[in-house]
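One structure is given here, and the rest of the page talks about it.
Just so it is clear, none of the values below were taken in a lab; they were calculated from the coordinates. Fair warning: this is a prediction, and the values are worked out from it, not measured in the lab. Virtual Cβ from ideal backbone geometry, glycine too; neighbours counted across all protein chains shown.
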Amino acid sequence: MIATPRLVLDYCRQGYRPIPFEQRSKKSAVSDWVQLRVSEQDVVRYWSDGQGVGLVLGPSGLLDIDIDDDVAARLAPCFLPPTGMIGGHDNRPATHWFYRGSVAAAGTSAAGGRVSAALTPAVGIGDSDCGSGGHAVVAAVAACFLWVCVRRSKHLPDGGQVDMAALQQVIARLEVAVTFARSLQQPLGRDSQAAGLWREVYPALTAERPGQFGAITARAEAQVLRLSLIYAVLDCSAEVRAEHLTAALAVWQYCEDSARWIWGDSTGDDLADELLRLIRGSRTGLTLHELNDLTGRNYPAQRRNQALRLLERYGLVERRQEPTGGRPAVRWVAKGLTAEKGEEQQ
């Protein structure tokens with residue numbers, strides 16, 4: 001997009017990192033744009049003759065959900081949280097949705113009512129791609145769906161026969177339910193028994209779950225609420241009864257189990273996942289020295305410690321101090337495993 005110095009100045013003041021583009025091009029106007037740091041005093045120097053502007057998203061604290069499919073672009077307002085920063089091209093507008101956030105933050109949140117911890121609305125407009133927002137996008141979109149594991153019971157290369165009489169019965173029942181729902185004059189509430197059950201299960205539904213599994217099941221209470229409403233409407237009931245909520249909880253439990261089977265204990269952090277695999281592979285746990293050797297010492301200590309703290313916070317590993325005759329050694333053990341005595345590592 002063609003930028004004015006005032007627009008770029010606003011970007012700088014919002015904490016974004018702008019770079020100049022050649023006119024009507026996606027090519028940077030400077031060769032060393034990776035190292036470029038534009039101050040407010042530099043704006044007129046780089047944007048004085050109709051240059052375009054791009055934003056380096058990671059350092060700007062931005063994520064770009066890049067929508068390439070036309071159908072997905074039309075559905076985006078239904079699934080993505082609102083933001084004041086939506087861009088695109090003349091022939092494909094509203095195909096880039098920008099948010100402030102980070103991949104790490106997205107590990108504990110998802111789309112909808114609790115998305116703000118991972119993706120918060122951004123201000124302004126731009127047009128760039130982000131190579132590091134994948135986990136955030138997966139969490140934000142996947143949490144909107146119910147994940148159900150199924151097993152194919154038969155092979156039907158030529159399709160199957162639908163029992164039209166049975167299908168018509170289902171259609172007729174749905175028509176009755178839809179007519180009933182449209183006739184309601186006020187929102188459905190819960191009866192006293194369902195209300196008590198809801199208060200009982202609510203803490204577990206809203207409890208934090210670790211990693212990718214936690215992000216993808218972070219809307220448990222919203223999904224159960226919707227399912228219970230569906231069951232009530234199908235029964236043409238003016239209120240949600242305990243049996244409707246119980247049925248919704250059973251469906252959600254299967255969906256949660258399915259999500260756990262698909263994503264397991266993945267944290268969304270590649271190094272943390274690798275360390276967890278190594279620690280679980282050792283019956284006695286591993287010391288920092290052993291972890292460094294097994295990972296080829298390819299990570300800074302700060303990055304390694306951050307990954308270990310993440311595993312510890314999620315309850316997947318625990319640290320144990322072992323006497324050595326000098327400074328105690330720290331051994332990291334997978335939860336549920338017991339380190340054998342007598343195998344200490346300094």
(message) Based on alpha-carbon centroids, what's the gap between segment 165-219 and segment 1-78 in Å, whole number please?
(response) 43
(request) Give the calculated FRET efficiency between ARG74 and LYS26 to the nearest 0.05, with a Förster radius of 25 Å applied to their Cβ-Cβ distance. (result) 0.50
(message) Amide H of PHE21 versus every other amide H placed in the peptide plane: which residues, excluding those fewer than 5 positions away on the same chain, fall under 5 Å?
(response) ALA29, GLY52, VAL53, GLY54
(request) Provide the FRET efficiency to the nearest 0.05 for the ASP66-THR324 pair, computing r from the beta carbons and using R0 = 51 Å. (result) 0.50
(request) When a/c is below 1.5 the answer is rounded, else prolate if a/b is larger than b/c, else oblate, so apply that to segment 142-296 with a ≥ b ≥ c taken from the square roots of the Cα gyration tensor eigenvalues. (result) oblate
(request) Could you calculate the contour length gain from ASN292 to ARG13, that is, 0.36 nm times the residue separation minus the distance between their Cα atoms, to one decimal place in nm? (result) 96.3 nm
(message) To make sure I understand the rule: partners must be aspartates and glutamates, Cα under 14 Å from the Cα of LYS26, and not fewer than 8 residues away in the same chain. Which ones qualify?
(response) ASP127, ASP129
(request) Pop a pseudo-label 7 angstrom from the Cα along the beta-carbon direction at both GLN35 and GLN302 and give the gap in nm to one decimal. (result) 2.1
(message) Quick query: amide H of ALA329 versus all other amide H atoms, modeled in the peptide plane; which residues come in under 5 Å with a sequence gap of 5 or more or a different chain?
(response) GLU322, THR324
(message) To make sure I understand, if each residue's beta carbon is the centre and we count other beta carbons within 10 Å, what order do LEU271, LEU276 fall in, fewest to most?
(response) LEU271, LEU276
(request) Set the Förster radius R0 to 30 Å, insert the Cβ-Cβ distance between GLU312 and SER258 as r into 1/(1 + (r/R0)^6), and round the FRET efficiency to 0.05. (result) 0.65
(request) Pull out the extension gain between ARG199 and ARG173, defined as 0.36 nm times the separation in residues minus the alpha carbon to alpha carbon distance; nm, one decimal. (result) 6.3 nm
